[in-house]
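Trainee: The structure under discussion is supplied below as structure tokens; questions concerning it will follow.
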Amino acid sequence: MDIRDYDLFCDVQNIHVQAFAARHGFPLSSENAVMTLRREDYQPAVKRQTQIVVYQEEFFEQFEKLHKTLFPNAYFTARQIVEKIDENHQLFLAMEDGQLLGYHFGKTEPESESAYIDFIGTDAAARGRGIGADLLAAGIDWMLSAPSMKKISLTVNADNVSARSLYEKFGFVTERVMRGYRKKIS
């Protein structure tokens, strides 16, 4: 197996790794905000407008297409996400007239009393209708249905102002901002 990419990932305040990246030709590839919601800070949204259902195999083709569109370089493929579904991993779909408008995939980690939102997104044509908020609420409600869950975390592009604003409305706060550096080796 050939390694072709080298990645560095550090807090924005870590000047030593940033200097190392500069010395060794690692260009900045991403800046991500790590956001956390503590159970006691959850601010539930108003009544949902969107039909939210748990994943069903009949929607796989639509899910796969949307996942590839929203997250083309994701760390999990659509098939890998579906194969992970169990009591600690759930995939919620926003549906309208048999069409997939968005999805939310998250997991609970009972041993650490925490949960994580891996992916949440809506089809570009369906944005601005509250679908993201409805998906986020469904996922959070599922995660916090386990009394042991104390916090939920997620990572989002730091410059995605609309997503960060949505998360903040639910009570998420930015814990830190991380920078990613990637160097390709030929």
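The values are calculated or read from the model by the stated rules, or taken from the named source; none is laboratory data. Remember, it's a predicted structure, so these values are computed and weren't measured experimentally. Cβ: placed from backbone, ideal geometry, glycine included. Neighbour counts: every protein chain shown. Note: areas computed on protein heavy atoms with side chains; ligands, DNA, RNA excluded. Shrake-Rupley method; radii C 1.70, N 1.55, O 1.52, S 1.80 Å.
Trainee: Roughly what % antiparallel, to the nearest 5, for the DSSP beta bridges in the chain?
Mentor: Of those bridges, close to 90 percent are antiparallel.
Trainee: Straight-line reach from Lys107: which lysines have a Cα under 17 Å away, not including same-chain ones fewer than 8 places off?
Mentor: Answer for Lys107, where 17 Å is the Cα cut-off: Lys84, Lys150, Lys151, listed by chain and number.
Trainee: If you don't mind, there's one more thing I want to ask. Per residue, how much accessible surface does segment 35-182 expose to a 1.4 Å probe? Answer in Å², no decimals.
Mentor: That works out to 54 Å² for each residue.
Trainee: GNM on the chain, C-alpha springs below 10 Å: top fluctuator among Thr50, Thr155, Thr77?
Mentor: Thr77
Trainee: Placing +1 on the Cβ of each Lys and Arg and -1 on the Cβ of each Asp and Glu in segment 1-105, which of Ser29, Gly102, Val17 has its Cα farthest towards the positive end of the resulting dipole?
Mentor: About the Cα centre, the residue reaching furthest to the positive side is Val17.
Trainee: Moving on. Which of the peptides 124-132, 2-10, 136-144, 20-28 is most tightly packed, and how do the rest follow, going by the mean number of other Cβ atoms within 10 Å of each residue?
Mentor: 136-144, 124-132, 20-28, 2-10
Trainee: Evaluate the relative contact order of segment 83-186 (contact order divided by residue number), counting alpha-carbon pairs under 8 angstrom at least 6 apart; express in whole percent.
Mentor: 20 percent
Trainee: Read phi for every residue in segment 170-186 and hand back ³J(HN,Hα) as whole Hz from Karplus 6.51 cos²θ - 1.76 cosθ + 1.60, θ = phi - 60°, with x for Gly and Pro.
Mentor: Listing the rounded values in order: 8, x, 5, 10, 7, 7, 6, 10, 10, 10, x, 10, 9, 10, 8, 10, 8 Hz.
Trainee: Let me know the shape class of segment 104-186, please: from the alpha-carbon gyration tensor, a ≥ b ≥ c as square roots of the eigenvalues, rounded when a/c is under 1.5, otherwise prolate if a/b is greater than b/c, or oblate.
Mentor: oblate
Trainee: Quickly work out the Asn73-to-Glu113 label distance, labels modelled 7 Å from Cα along the C-beta direction, and quote it in nm with one decimal.
Mentor: So the label points at Glu113 and Asn73 sit 3.7 nm apart.
Trainee: Over the Cα atoms of the chain, what is the Rg over Rh ratio if Rh follows Kirkwood?
Mentor: Computed over Cα atoms, the ratio is 0.99.
Trainee: Which whole-number percent gives the relative contact order of the chain, counting Cα pairs below 8 Å spaced six or more residues apart?
Mentor: 41 percent.
Trainee: Of Glu64, Glu168, Glu111, which is the most mobile in a GNM of the chain whose springs link Cα atoms less than 10 angstrom apart?
Mentor: Looking only at Glu64, Glu168, Glu111, the largest GNM fluctuation is found for Glu111.
Trainee: Return a whole-number percent for the relative contact order of segment 22-95, with Cα pairs under 8 Å and 6 or more residues apart as the contact set.
Mentor: That works out to 41 percent.
Trainee: Please work out the C-alpha center-to-center distance from segment 75-89 to segment 118-186 and express it in whole Å.
Mentor: 17 Å
Trainee: Under a point-charge model restricted to the Cβ atoms of Lys and Arg (+1) and Asp and Glu (-1), what is the dipole moment magnitude of the chain relative to its Cα centre, in debye to the nearest 20?
Mentor: 700 debye
Trainee: Just for the Cα atoms in segment 70-129, what are the lengths along the principal axes, largest first, rounded to whole Å?
Mentor: Rounded to whole Å, the extents work out to 39, 23, 20 Å.
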